[in-house]
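The values are calculated or read from the model by the stated rules, or taken from the named source; none is laboratory data. These numbers come from a predicted model, not from an experiment. Because the Cβ atoms are built from the backbone with ideal geometry, glycine has one as well, and the counts that use them run over all protein chains shown.
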Amino acid sequence: MKTDHGEIHAPIVIAATGPWTRPLVQSTGFDPPIETEFHQVAILKNAPTMRLCGAACIDSVTATYFRSDASDKFLVGDFYGKRPIGPDNFPQRPSESDLEEIIDRAARRVLKLESAEVMRGVTGVYHVTPDSRPLLGPVPQVEGLYLCAGFSGIGFKLSPAIGLVMSELILDGKAQTVDITPFRSTRFQEGRPIKADFEYKDTSSASRGTGVPPVQDEQSSAALLADASRLRKNKRLVSGHRFTDAVSSSASRGGACRVSAGNQTPL
Ligand SMILES: Cc1cc2nc3c(=O)[nH]c(=O)nc-3n(C[C@H](O)[C@H](O)[C@H](O)COP(=O)(O)OP(=O)(O)OC[C@H]3O[C@@H](n4cnc5c(N)ncnc54)[C@H](O)[C@@H]3O)c2cc1C
């Protein structure tokens, strides 16, 4: 390996290089289909009547995720974002209008968000594979090079398990705790992407990466946007907090749930 500090010789190298992985590994002749996607997250101050430490939720209907952040704040993020985006050159501050639109969608589920004040925003870059699952395992024809990338927005919570199975793969020749063969780095070239028996409806490739929320069963995107525009009239204050590119975690303090099309009960 060539580094800024000279060459390092190692029998095994793991490319756990996040959004920078594709160009790096492409230089070996293998193309891992990992795209970069821009993401923006809003941190809101709880509205006066909101309860503390509520649920964490991934809501396929509004294409948002949200959770409490400490006792007095609420975090809201989007399922989708612009592709591609340079991991060395992406906006460090979220767009105010984009945050408004994301919050308006989430407010369809958590109605009290309509009157919650935006405190600050966070931006970052996902590195996404076509089936939203990571690529784990050897890179073909490059002996000793392993891929561990493509975490598609869920790599933080997976990291303990990924560390374990990658160490097993490398030390024992095979992951013991769970079979990771379906995650092999060549699966797209083989036409074998991972498909769960019961896929979430929001992960369709048609809507992924376009920045446009998918049309849901019995709920047209037109209706969703009309509601969003009505809510946007309640102008929120965006304070002068410094925006950062810190990555958030999805740790839940209350319950956790996932809402898919068909389950549209407001919390
Ligand atoms: C806004 C946002 C919210 C998120 N929320 C969640 C969440 O709630 N839950 C969750 O599980 N995940 C979440 N994620 C996703 C999670 O942060 C990522 O999946 C995870 O950080 C990926 O880890 P990684 O180690 O693969 O890549 P990274 O964290 O990107 O680390 C890659 C490292 O490789 C280094 N590197 C790159 N190229 C080279 C090179 N050529 N030589 C040497 N070093 C190199 C980089 O400097 C970097 O340190 C979120 C991401 C964003 C952006």
Within the range 29-57, track down each residue that is part of a loop (DSSP other than H, G, I, E, B) and at pLDDT 95 or above.
GLY29, PHE30, ASP31, PRO32, PRO33, ILE34
Selection from the range 13-24 of residues in contact with a strand residue (DSSP E or B) (Cβ under 7 Å, 6 or more places away or on another chain) and more than 10 Å from the ligand (Cβ to nearest atom) yields VAL13, ILE14
Would you be able to tell me the number of residues in the range 1-16 that are modelled with pLDDT of 95 or more and in a strand (DSSP E or B)?
5
Of the residues ALA15, ALA70, only one is more than 17 Å from the chain's Cα centre (by Cα) and within 21 Å of GLY155 (Cβ to Cβ); which?
ALA15
Filter the range 195-218 down to the residues that are farther than 20 Å from GLU37 by Cα and at pLDDT 50 or above and list them by number.
LYS195, ALA196, ASP197, PHE198, GLU199
Please return the ranges of strands (runs of 3 or more DSSP E) entirely within the range 80-165 where 2 or more residues are farther than 15 Å from PHE38 by Cα, outside the structural domain of LEU44 (by TED's automatic domain parsing) and within 15 Å of the ligand (Cβ to nearest atom).
135-138, 145-149
